Amino acid sequence: WDFGDSYQLPGLLLNGTVFRDSDGDGIEDNTDNTPFDHDGDGINDAADAFPTDASESLDSDGDGVGDNSDAFPYDATESRDSDNDGVGDNADAFPHDPTETLDTDGDGVGDNADAFPQDATGSSAADAVDADGNGLIEIATLAALDNMRNDL
């Protein structure tokens, strides 16, 4: 027997020749194009970022997520886009809503659906029609109502 190194399986030593299958793929090392390819993906372990995962071999951005699984293989700050809107979950204020990505005013309403995306309180017009904050419009005359309607 020849026990090789820590990366090799034991090999049979016959007449000075070692017969070994270092990666356990059933192909003897002397005829195996990738004798150190433990996951069988065709990439030698030394060049494989994921030597035990046959579905991955590259991690271009070094984020620990293989390029095949990484929605943003060249951006180390992102790897998923749960809503498939093209914006990574880390940068998406609404990672599960494909119609929204930003909430500029921080009011919990996405900019696309927000009538006033720069104003977390709603709008100055809304403040004027409910001056006391009781939820009712403050109107004393029809002229005031008409003016308010024209200002909205």
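Miscellaneous remarks
- Furthest towards positive pole of dipole, GLY88, THR17, GLY64, structure part the range 1-100, Cβ charges: THR17
- Count Lys and Arg as plus one, Asp and Glu as minus one, and take only other residues whose Cβ is under 11 Å from that of PHE19; the net charge is then -3.
Read the figures in this text as sums done on the coordinates, not as results from a lab. None of the values given here were measured: they were computed from a predicted structure. No Cβ is skipped: glycine too gets one built from the backbone with ideal geometry, and neighbour counts run over all protein chains shown.
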